[in-house]
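A.B. asks: First, the structure itself, so that you have it in front of you.
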Amino acid sequence: MKCLYFVHEEQSLVECYELMESLNNLSPNQVQKLLEQCTSVKVKRLFLYLGEKAKHAWFDYLQLDKIDLGKGKRSLLKKGTYISKYQITVP
């Protein structure tokens, strides 16, 4: 999650995705707690987007309705691909 916080400052999104791909054995309960306690909307949206994109089994057990994803759109850059489910624009 810390890597996601620094996307486009110190970390690349591709590097974060590569890290995310290796997180296939996470506990859904722990992920749920971390996402509910996280205060960064950007981090939560990116984490969920990348977890779903990586097709992790734990993703299906998350209760997305309990995770505050804020309101409004977020953009990592001006031009990119808009992901409507998470309201983010990614490279």
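The values are calculated or read from the model by the stated rules, or taken from the named source; none is laboratory data. For clarity, every value in this text was computed on a predicted model and none was experimentally measured. Note: ideal-geometry Cβ built from the backbone for every residue, glycine included; neighbour counts use all protein chains shown.
A.B. asks: Select from segment 35-56 the residues that are closer than 23 Å to residue 15 by Cβ, not charged (D, E, K, R) and not in a loop (DSSP other than H, G, I, E, B) and list them in ascending order.
C.D. replies: Answer for segment 35-56, where residues must be closer than 23 Å to residue 15 by Cβ, not charged (D, E, K, R) and not in a loop (DSSP other than H, G, I, E, B): 35, 41, 43, 46, 47, 48, 49, 50, 51.
A.B. asks: Identify the residue in segment 6-29 that is modelled with pLDDT of 90 or more and hydroxyl-bearing (Ser, Thr, Tyr) and, among all such residues, is surrounded by the fewest Cβ atoms within 10 Å (Cβ to Cβ).
C.D. replies: In this case the residue turns out to be 22.
A.B. asks: Are any residues in segment 57-73 out of contact with any helix residue (DSSP H, G or I) (no Cβ under 8 Å at 6 or more places or on another chain), part of a loop (DSSP other than H, G, I, E, B) and either at pLDDT 95 or above or not small (Gly, Ala, Ser) (or both), and if so, which ones?
C.D. replies: 71, 73 - these are the residues of segment 57-73 that are out of contact with any helix residue (DSSP H, G or I) (no Cβ under 8 Å at 6 or more places or on another chain), part of a loop (DSSP other than H, G, I, E, B) and either at pLDDT 95 or above or not small (Gly, Ala, Ser) (or both).
A.B. asks: What number of residues in segment 57-91 are closer than 23 Å to residue 23 by Cα, of a type in the set (Phe, Trp, Tyr) and free of Cβ contacts under 8 Å to residues at least 40 places away in the same chain?
C.D. replies: 3
A.B. asks: Oh, and also: Which residues, counting only those in segment 74-84, are in a loop (DSSP other than H, G, I, E, B) and surrounded by 12 or more Cβ atoms within 10 Å (Cβ to Cβ)?
C.D. replies: 76, 80
A.B. asks: Same structure, new question: What residue, among those in segment 30-56 that are touching a residue at least 12 places away in the same chain (Cβ under 8 Å) and loosely packed, with under 15 Cβ neighbours inside 10 Å, is farthest from residue 91 (Cα to Cα)?
C.D. replies: Across segment 30-56, the extreme among qualifying residues is 36.
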